[in-house]
Amino acid sequence: MIAKKMEEAINGQINKEMFSAYLYLSMASWAEVAGLKGITTWLKVQYHEEMMHAMKFYEYIIRKGGTVKLVKIETPENSFDSALSMFEKVLTHEEFVTKSINELVDLAITEKDHASKVFLDWYVNEQVEEEQNANEIIQTLKMIGENKAALYLYDKELGARTLTVPSDFSLGVESQLGAAGAP
Ligand code: FEO
């Protein structure tokens, strides 16, 4: 069984992960209209990653005999001043998600919920990568500045990102991730 407090908190996190997916899809649509094809691809891959994060929580609640409760997803922003300011928002959002994951870990520790603590460790590591990705892109976009040729090339580079996480959720995310939790 899963404690009610933890079940509620994880259900809240499912909403945040789904909002993340929604936000990145919204950003992808802005990038697509702006002609940034590579950034569009990068963000669409990120959209899938966020849905996978949500589904991994979903499956955990079910495995622990709990109840999944989906609630309304907030409307994401859909207009941005530049690729740089958009990725600064990606970083701010990921820092918010990291804080939320840390709060879940704190709850698992106070509730002496060892299973949830071990499960959440995967997300703690994942958030390090999420923030690093955003930071690296911001750094490069700052270097590029107003150089359109450089932006064109970097956009192409970001477009090489491919999906490395399970996207067929009917097969179960956890079973496809493997024992180590790696894609
Ligand atoms: Fe699911 Fe980007 O954190």
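For the pair SER79/THR67, report the inter-label distance in nm, with labels modelled 7 Å from Cα in the Cβ direction.
4.1 nm
Given the options ASP168, ASP121, ASP81, which has the most mean-square fluctuation in a GNM of the chain, springs set between C-alpha atoms less than 10 angstrom apart?
Checking each option, the largest mean-square fluctuation is seen for ASP81.
Which percent of Cα-Cα pairs in region 101-183 sits in each 5 Å bin, short to long?
It works out to 3, 11, 14, 15, 15, 14, 10, 8, 6, 2, 1, in whole percents.
Please sort by residue number the GluC sites (Glu not before Pro) in region 1-97 whose DSSP state is loop and whose Cβ has at most 15 other Cβ atoms within 10 Å.
Hits after loop and neighbour filter: GLU74, GLU77.
Which value results when the Cα radius of gyration for region 10-73 is divided by 2.2 N^0.38 Å?
Cα Rg divided by the expected 2.2 N^0.38 Å: 1.29.
Just the Cα atoms of region 119-162: what Rg and Dmax do they give in Å?
Radius of gyration, then largest Cα-Cα span, for region 119-162: 13.8, 44 Å.
Working with all protein chains in place, sort VAL124, VAL97 by solvent-accessible area computed with a 1.4 Å probe, largest first. It would help to have the intermediate numbers written out before the result.
Working: VAL124 50, VAL97 0 Å².
Most to least solvent-accessible, the answer reads VAL124, VAL97.
Taking loop as defined by DSSP and a crowding limit of 13 other beta carbons within 10 Å, which GluC sites (Glu not before Pro) in region 122-183 fit?
GLU146
If Lys and Arg each add +1 and Asp and Glu each add -1, what is the summed charge of the other residues whose beta carbon sits under 15 Å from the beta carbon of MET143? Mind showing how you got there, number by number?
Numbers: positive: LYS142, LYS148; negative: GLU88, GLU136, GLU146, ASP155, GLU157.
Taking every other residue near MET143 into account, the sum is -3.
Taking a spot 7 Å from the Cα of ASP106 along the direction of its beta carbon, which residues of region 9-26 have an amide N less than 16 Å from it?
9-10, 13, by backbone N distance to the label point.
Each residue of region 98-114 in turn: what ³J(HN,Hα) in whole Hz from Karplus with 6.51, -1.76, 1.60 and θ = phi - 60°, glycine and Pro shown as x?
Per residue, the Karplus-derived 3J(HN,Hα) values read 4, 4, 5, 5, 4, 5, 5, 5, 4, 5, 4, 5, 5, 7, 6, 9, 5 Hz.
Roll a 1.4 angstrom probe over the protein heavy atoms and tell me the percent of accessible area of region 47-130 that is carbon or sulfur.
Details: 2460 of 4430 Å².
Answer for region 47-130 is 55 percent, counting heavy atoms of protein chains only.
Answer with one residue from LEU120, THR98, ILE73: the one whose Cα lies farthest towards the positive end of the charge dipole of region 4-163, charges on Cβ with Lys, Arg +1 and Asp, Glu -1.
Value: ILE73.
Rounded to the nearest 500, what is the chain's calculated 222 nm mean residue ellipticity when only DSSP H runs of at least 4 contribute -39500 (n - 2.57) each, over all residues?
One gets -25000 deg cm²/dmol as the mean residue ellipticity at 222 nm.
If the only charges are +1 at each Lys and Arg Cβ and -1 at each Asp and Glu Cβ, what is the size of the charge dipole of the chain around the Cα centre, to the nearest 20 debye?
340 debye
Stokes-Einstein diffusion coefficient for region 4-163 at 20 °C in a medium of 1.002 mPa s, Rh from the Kirkwood formula over Cα pairs: what value in µm²/s?
Values: Rh = 16.6 Å.
Roughly 129 µm²/s, to the nearest whole number.
Say the cut-off is 28 Å between C-alpha atoms; which of LYS117/LYS156; LYS72/LYS99; LYS89/LYS156; LYS16/LYS117; LYS4/LYS44 go over it?
LYS117/LYS156; LYS4/LYS44, as the Cα separations exceed 28 Å there.
The values are calculated or read from the model by the stated rules, or taken from the named source; none is laboratory data. Treat the numbers as computed from the prediction; the structure is a model and nothing was measured. Please note: Cβ atoms are built from the backbone with ideal geometry, for glycine as well, and neighbour counts cover all protein chains shown. When the accessible area is computed, the model is the full protein with side chains, heavy atoms only, and any ligands, DNA or RNA have been set aside. Shrake-Rupley method; radii C 1.70, N 1.55, O 1.52, S 1.80 Å.
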